[in-house]
Amino acid sequence: MSGRMKRLSCLIAALAVLLPAVSGAQSIHFSGGLRNMHLWRGLQVADGVVLAADVNGGFFDDRLRVGLWGGTDFTGDYKEFDYYVSYSVAGFSVAVWDIFNYSPDLTFSKDIFNYDRFTTGHFIDLTLGYDFDARLEVPLRLSWSTIFAGRDLNARGYNMYSTFVYAEYSLFRNEHWCVDAGVGGIFAFNRAGEDGKANFYGHDGINQVSLKTTYRLKLGRYVMPLFAHAMWNPDAGSGYLQVGVDLFSF
């Protein structure tokens, strides 16, 4: 089968999954926001102003969601397009993300249909989480995220299963304000001898310490959250101050 036919087959397969999901959704959600940079799991993914958007279909009272997430900066230096499926109930959540960063400077393939583990720009991530506030009224959230496929290879070409574990606690909350503090650590399950303590995010240890303040700005019935997020990465010896606004959410 030619490369063009393979891409067409992948596209048809993706639409065969997405279109029935959208048409059968009980609700549709659309949100978007701006931030001065894109921070993720201790990393600065983009250093310019980023516009991000999310669209998803909700099922079973929105416990199950199937969606698309995308982000880009205004210079074209950062481009990302992701697919995801998530399910949440009674404080527990599980999500699978297909994350595709096709920014021009990355050395990986920019072909969205390329899933060859040695050249793909994709990586597939599984996240499990629990929100203690759902049942115990404790403002603590825990998550465990492991990359199980894609561009997360050790020196011998096998999946490294890099993992990010995060805990976040709300220090203060009222009608308008919320202050959250968090800490995240990283490691990998399957390293080759040549890898040392390296993983997808950096080196084993603490790679994120966060302090985030959010203000829920109310304009009539409309709510526009504004936030400032200070993040330190002890592993990389770096720190960032992110500011942003969630422009809309329907």
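The values are calculated or read from the model by the stated rules, or taken from the named source; none is laboratory data. If you're wondering where the values come from, they're calculated on a predicted model, not measured in any experiment. Cβ sites come from the backbone with ideal geometry, for glycine too, and all protein chains shown count toward neighbours. Ligands, DNA and RNA are stripped out before the accessible areas are found, and what is left, the full protein with its side chains, is counted by its heavy atoms. Shrake-Rupley method; radii C 1.70, N 1.55, O 1.52, S 1.80 Å.
Within segment 93-113, residues that are in contact (Cβ under 8 Å) with a residue 60 or more places away in the chain have Cβ atoms under 9 Å from residues that are hydroxyl-bearing (Ser, Thr, Tyr) and surrounded by fewer than 16 Cβ atoms within 10 Å (Cβ to Cβ) in these pairs: Asp111/Thr119; Phe113/Ser9, counting only partners at least 6 apart in sequence or on another chain.
Under 24 Å from Val49 (Cα atoms) and open to solvent by 50 Å² or more (accessible area, probe 1.4 Å), is that true of Tyr240? Yes: the conditions hold for Tyr240.
Contact map, segment 153-180: residues that are within 16 Å of Asp204 (Cα to Cα) and β-branched (Val, Ile, Thr) paired with residues that are open to solvent by 30 Å² or more (accessible area, probe 1.4 Å) and modelled with pLDDT of 95 or more, Cβ distance under 6 Å, separation 6+ or inter-chain. Pairs shown: Thr163/Phe187; Val165/Trp144. Taking the criterion of being open to solvent by less than 50 Å² (accessible area, probe 1.4 Å) and assigned to a loop (DSSP other than H, G, I, E, B), the residues of segment 133-174 that qualify are Asp133, Pro139, Arg151, Asp152, Asn154, Gly157, Met160.
Please list, ordered by first then second residue, the pairs with beta carbon atoms under 9 Å, 6 or more apart or interchain, first in segment 136-151 and touching a residue at least 12 places away in the same chain (Cβ under 8 Å) and within 14 Å of Glu168 (Cα to Cα), second among the charged types (D, E, K, R) and open to solvent by 70 Å² or more (accessible area, probe 1.4 Å). Sorted first by the residue in segment 136-151, then by its partner, the pairs are Pro139/Arg173. Can you name every residue in segment 114-132 that is assigned to a loop (DSSP other than H, G, I, E, B) and of a type in the set (Ser, Thr, Tyr)? Across segment 114-132, the qualifying residues are Tyr115, Thr119, Thr120.
Residues are listed down the side, and each one gets a yes or a no for (1) surrounded by fewer than 16 Cβ atoms within 10 Å (Cβ to Cβ); (2) of a type outside the set (Phe, Trp, Tyr); (3) in a helix (DSSP H, G or I); (4) within 22 Å of the chain's Cα centre (by Cα):
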site	(1), (2), (3), (4)
Tyr201	no, no, no, yes
Lys212	no, yes, no, yes
Val223	yes, yes, no, no
Ala228	yes, yes, no, yes
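Among the residues of segment 27-35, is there at least one that is crowded, with 18+ Cβ neighbours inside 10 Å, within 17 Å of the chain's Cα centre (by Cα) and not hydrophobic (A, V, I, L, M, F, W, C)? Checked segment 27-35: at least one residue is crowded, with 18+ Cβ neighbours inside 10 Å, within 17 Å of the chain's Cα centre (by Cα) and not hydrophobic (A, V, I, L, M, F, W, C).
Being over 18 Å from the mean Cα position of the chain (by Cα) and not charged (D, E, K, R) holds for only one residue in Thr72, Thr107, and it is Thr107.
Can you find a residue in segment 212-220 that is modelled with pLDDT under 95 and on the phi > 0 side of the Ramachandran plot? There is at least one residue in segment 212-220 that is modelled with pLDDT under 95 and on the phi > 0 side of the Ramachandran plot. Scan segment 36-69 for residues that are among the β-branched types (Val, Ile, Thr) and under 12 Å from the mean Cα position of the chain (by Cα) and jot them down. Val45 - this is the single residue of segment 36-69 that is among the β-branched types (Val, Ile, Thr) and under 12 Å from the mean Cα position of the chain (by Cα). Among the residues of segment 47-90, just one is at pLDDT below 95, touching a strand residue (DSSP E or B) at 6+ places or on another chain (Cβ under 7 Å), not charged (D, E, K, R) and not in a strand (DSSP E or B), namely Gly48. Annotation note: of Val85, Val94, the sole residue that is under 15 Å from the mean Cα position of the chain (by Cα) and farther than 23 Å from Asp246 by Cβ is Val94.
With respect to Gln208, determine if the residue is farther than 17 Å from Gly33 by Cβ, open to solvent by less than 60 Å² (accessible area, probe 1.4 Å) and of a type in the set (S, T, N, Q). Yes; evaluated as a whole, the condition is true for this residue.
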